[in-house]
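For reference, the structure is listed below as structure tokens.
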Amino acid sequence: MRKATIKSPANIAFIKYWGRRNDDLILPLNDSISMNLDNCYTITTVEFGKANEDEIKVKFYKEKYKNLNGKQLNRVLKQVNRIREKYKIKEKVKIYSENNFPADVGIASSASAFSALTCALFKALGNNISEKDLTIETRLSGSGSAARSIPNGFVEWLMGDSNRSKTSYAYSMASSDYWKLYDLTLIVDTAEKSIGSYEGHNRALNEYMKARLKNINKRIKQVREAIRETDIEKLGKAMEADAISLHTVAMNSKPPIYYLNGKTWEIIFELLKLRKKGIIGYFTMDAGPNVHLICEKKFKDILKENFEKFPGVKFIIENKVGEGAKVIREHLF
Ligand code: PMV
């Protein structure tokens, strides 16, 4: 049967991918490190050979199934066609995909979507590709951070050497049960962001990027150590600095990109106040205003209690460290 279903997680980066050195090969300007989110995922079923035309349907958070169209359809078809060409396949494909969390608000929905899609395409073709090669194929989908959703737990995506595609892949640094970290995603806005990360990367090369890249290797080293030593303070400091550095670059792009809003900052200031009282959590934000609070188990409930009633926080998504992309038996059709 040329059919497979994959469940793949979103991930939150401690050290972020921002800016590319090669647009065709999606080669990043720096190594990045993330953890998978066990409670934010995409499930995708792919079947080759049955349909007469390509049929691609998606079900976004709290919506009904609909045909994918426009830019999003083109991105999916680009990946499908690339893989069809690679294996000289003419068969049409049926793809159903659903997300259990709001898309495009800084919870890396493209990461779970494109890792699930790529993995499902390869599995449906019965291809025994290695995990490393699967991360490379996923990166080539255009959503580079999706490569980090393939391996288990804490994942590093290496920038690689020069323009050699094979050298830029993701691997698991530690499994999902290595360190019991939580991500409380505080949702302040579920509207689609106006400038997607793909465009954000295009605008990333400015003078602030030079400063970012000058300091980033130190932060990467700190995050690697923090994970090895399960040291939340070391992780938190490097992670916060990295998020601020990304948003500084984005805000200084031409034209500027403002992902953060007033609510984002109110949450950060509240978090700093709580930290002074000994309630410890650290922030990071992707390409959107929602705040990810990273914390250990002992402060998870108290942080949640504090922010559940915080003005402007619509709801909170609680995540543990998740596994990577995996095959599941229940197909979507
Ligand atoms: O992989 P993309 O093109 O969706 O970009 C991801 C960008 C960030 O989410 C902001 C950072 C990251 O490393 O996940």
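The values are calculated or read from the model by the stated rules, or taken from the named source; none is laboratory data. For clarity, every value in this text was computed on a predicted model and none was experimentally measured. With ideal geometry, Cβ positions are generated from the backbone for all residues, glycine too; neighbour counts draw on all protein chains shown. Areas reflect the complete protein model, heavy atoms only, side chains present, ligands, DNA and RNA absent. Shrake-Rupley method; radii C 1.70, N 1.55, O 1.52, S 1.80 Å.
Would you please list the contacts, defined by Cβ atoms under 8 Å and residues six or more apart or on different chains, that run from a residue in the stretch 38-59 that is among the small types (Gly, Ala, Ser) to a residue that is open to solvent by 30 Å² or more (accessible area, probe 1.4 Å)?
Final answer for the pair search is GLY49/ARG2; GLY49/GLU91; GLY49/LYS92; ALA51/LYS92; ALA51/LYS94.
For the stretch 113-143, give me the residue count where each residue is of a type in the set (S, T, N, Q) and surrounded by 23 or more Cβ atoms within 10 Å (Cβ to Cβ).
Residues flagged as of a type in the set (S, T, N, Q) and surrounded by 23 or more Cβ atoms within 10 Å (Cβ to Cβ) within the stretch 113-143 amount to 6.
Is it fair to say ASP177 is without any contact (Cβ under 8 Å) to a residue 60 or more places away in the chain and of a type in the set (D, E, K, R)?
Considered against the rule, which asks whether it is without any contact (Cβ under 8 Å) to a residue 60 or more places away in the chain and of a type in the set (D, E, K, R), ASP177 comes out as no.
Taking the stretch 15-31, which residues are within 9 Å of the ligand (Cβ to nearest atom), in a strand (DSSP E or B) and either farther than 16 Å from LEU140 by Cα or open to solvent by 10 Å² or more (accessible area, probe 1.4 Å) (or both)?
Within the stretch 15-31, ILE15, ARG20 qualify.
Within the stretch 74-99, take every residue that is open to solvent by 50 Å² or more (accessible area, probe 1.4 Å) and assigned to a loop (DSSP other than H, G, I, E, B) and give me the one that is nearest to LYS59 (Cα to Cα).
Here the answer is LYS92.
Could you list, in sequence order, the residues of the stretch 207-233 that are away from the ligand (no atom under 16 Å from the Cβ) and more than 17 Å from GLU156 (Cα to Cα)?
If the condition is that a residue be away from the ligand (no atom under 16 Å from the Cβ) and more than 17 Å from GLU156 (Cα to Cα), then GLU207, LYS210, ALA211, LYS214, ASN215, ASP231, ILE232, GLU233 are the ones that fit.
Which ones in the stretch 154-174 are in a loop (DSSP other than H, G, I, E, B) and either touching a strand residue (DSSP E or B) at 6+ places or on another chain (Cβ under 8 Å) or closer than 18 Å to ASN217 by Cβ (or both)?
Across the stretch 154-174, the qualifying residues are LEU158, MET159, GLY160, ASP161, SER162, ASN163, SER168, TYR169.
Please pick out the residue among LYS237, LYS263, LYS273, LYS254 that is surrounded by fewer than 13 Cβ atoms within 10 Å (Cβ to Cβ) and either in contact (Cβ under 8 Å) with a residue 40 or more places away in the chain or in a loop (DSSP other than H, G, I, E, B) (or both).
Being surrounded by fewer than 13 Cβ atoms within 10 Å (Cβ to Cβ) and either in contact (Cβ under 8 Å) with a residue 40 or more places away in the chain or in a loop (DSSP other than H, G, I, E, B) (or both) holds for just one of LYS237, LYS263, LYS273, LYS254, which is LYS254.
Does GLU323 count as part of a strand (DSSP E or B), out of contact with any helix residue (DSSP H, G or I) (no Cβ under 6 Å at 6 or more places or on another chain) and open to solvent by 40 Å² or more (accessible area, probe 1.4 Å)? Let's see the steps before the verdict.
Details: part of a strand (DSSP E or B): no; out of contact with any helix residue (DSSP H, G or I) (no Cβ under 6 Å at 6 or more places or on another chain): yes; open to solvent by 40 Å² or more (accessible area, probe 1.4 Å): yes.
Criteria not met by GLU323.
Mind listing just one residue for me: the one in the stretch 32-56 that is of a type in the set (A, V, I, L, M), farther than 18 Å from ALA241 by Cβ and within 18 Å of the chain's Cα centre (by Cα) and, of those, farthest from the ligand (Cβ to nearest atom)?
ILE43
Does GLY70 satisfy the condition of being among the small types (Gly, Ala, Ser) and surrounded by fewer than 18 Cβ atoms within 10 Å (Cβ to Cβ)?
Spelling it out, GLY70 is indeed among the small types (Gly, Ala, Ser) and surrounded by fewer than 18 Cβ atoms within 10 Å (Cβ to Cβ).
Which count do you get for residues in the stretch 158-204 that are open to solvent by less than 60 Å² (accessible area, probe 1.4 Å) and within 14 Å of the ligand (Cβ to nearest atom)?
Counting residues in the stretch 158-204 that are open to solvent by less than 60 Å² (accessible area, probe 1.4 Å) and within 14 Å of the ligand (Cβ to nearest atom) gives 14.
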